[in-house]
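The values are calculated or read from the model by the stated rules, or taken from the named source; none is laboratory data. These figures come from a predicted structure and were not determined experimentally. Cβ placement follows ideal geometry from the backbone for every residue including glycine, while neighbour counts extend to all protein chains displayed. Side chains included, ligands, DNA and RNA excluded: accessible areas come from the protein's heavy atoms. Shrake-Rupley method; radii C 1.70, N 1.55, O 1.52, S 1.80 Å.
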Amino acid sequence: MRILLSCLQGRPRQALPAYAFWRTYFVQGLREAGHEVLEVPGADWPEGLTCAYGAELQAWRARTWQRVLDFAVRESRDRPIHLFLGYLYPRQVEASAILELQRRGIVCINFFCDNVREFRSVPAEYKPFALHWVPEFEALPMYRAAGLPHVHFPMPCWIPVALRDEPSTEAEPPTFVGSADILRRDLFGRALQAGGDFVIRGCGWMDEPANTCEPWKARSTSEMLLNQVATVRRDGLGALVTKVRDRIRPLNSPPIPTSNIREPPLTPDEYLRVTREAVVAVGVNRVPTQRALNRRPLAYSRLRDIEAPMLGACYLTEWTEGLPQLYQLGAEVETYRTADELSAKLRDLTGDPSRRQSMRRAARRRALAEHSLTRTMSKIQEIVA
């Protein structure tokens, strides 16, 4: 198929969390699957997430989507474009352009990976798409309730062929790689307090955590009111209630010893190596959100649940409803639900080299055979044919 791809391509170093890897995974994975990938020159998709609502965002939409339509017309003159595959947030969507692409015979599919963190219901902006690729098992009821056509396939992941074998050495201790947030600090502080033995690598861990015990720092009444109104408009009244409850009952997390933190942050190549070569690669699926209390965090299966097994890791990650749909738990990947369980299972795996080897082999085979972008696109091709 000829696929017109929109997955946050744009100018480097936008004021956004890391996102450039999505283009690598989509482009390389689609090409490996035998598809031709097209990208719109000059379309800066991340810019749409940094524009202010109103005239600035409207101007970006008009400019960007006109480029998309003009490009689609030019590229379709000799050979058809079969799919428009987007990774689009609601604010980036221009419904009229999606409908025009589909009027021209280009099936429009949107992938989104943070439905349960970002939305209470499927945004109206998503309705024009012919198909929705929903990677979170927990988000499926949302799309069923909306009555929108959707498919449940794994997160799109691609790794270099040279890294798809079993690692020849375990050169790193049990390791988590990722940035700091309030929930990860709490989980790891408690796991280390319970006797867990692992290291943490990523941004922000050496910084002083936010003082959740003194949330009402000096601000004017008008600033506080404006902030609360913005929260309600964006996420509903329940989000404000959750925010207040979290401040009334903060987590009071145990400190993380600096001896368990490794700096500086890893480069992309180092990240792949450490994930492969760690005695155990640790995953975390809980996310900070005003849709759930910090004491009862929201968790769902993430990209690393595909990526780490593909890399041949011995993988221990946080249990979610979606994981039993992906792996045989205990045999291919191992899971935990609490900090104490994380500590105990790390100890068990660290002391059992033969089980680690068996898990690495089984999870890698399952992920590469059943969760690859090649397999997903084959199924999508059958659906849209």
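Assorted remarks:
- Residue satisfying condition, being buried (at least 17 other Cβ atoms within 10 Å of the Cβ), aliphatic (A, V, I, L, M), over 13 Å from the mean Cα position of the chain (by Cα) and part of a loop (DSSP other than H, G, I, E, B), within set L266, L293: L266
- Annotation: of all residues in the stretch 144-170 being more than 24 Å from L349 (Cβ to Cβ) and part of a helix (DSSP H, G or I), the one that is least open to solvent (accessible area, probe 1.4 Å) is A146.
- Test result for R117, among the basic types (K, R), open to solvent by 50 Å² or more (accessible area, probe 1.4 Å) and touching a strand residue (DSSP E or B) at 6+ places or on another chain (Cβ under 6 Å): yes
- Going through (1) in a helix (DSSP H, G or I); (2) farther than 27 Å from R375 by Cα; (3) touching a helix residue (DSSP H, G or I) at 6+ places or on another chain (Cβ under 8 Å) one by one, R11 falls short only on (1).
- The residues on offer are R286, R296, R302, and the sole one that is on the phi < 0 side of the Ramachandran plot, among the basic types (K, R) and without any contact (Cβ under 8 Å) to a residue 12 or more places away in the chain is R296.
- Any hit, the stretch 328-339, residues being part of a helix (DSSP H, G or I) and open to solvent by less than 70 Å² (accessible area, probe 1.4 Å): yes
- Top-ranked residue of the stretch 171-213 - restricted to ones that are in contact with a helix residue (DSSP H, G or I) (Cβ under 6 Å, 6 or more places away or on another chain), assigned to a loop (DSSP other than H, G, I, E, B) and open to solvent by 30 Å² or more (accessible area, probe 1.4 Å), ranked as nearest to V279 (Cα to Cα): A171
- Per the conditions (1) at pLDDT 90 or above; (2) open to solvent by 50 Å² or more (accessible area, probe 1.4 Å), the sole criterion not satisfied by Y271 is (2).
- Qualifying residue in the stretch 35-47 (condition: in a helix (DSSP H, G or I) and closer than 18 Å to A95 by Cβ): no
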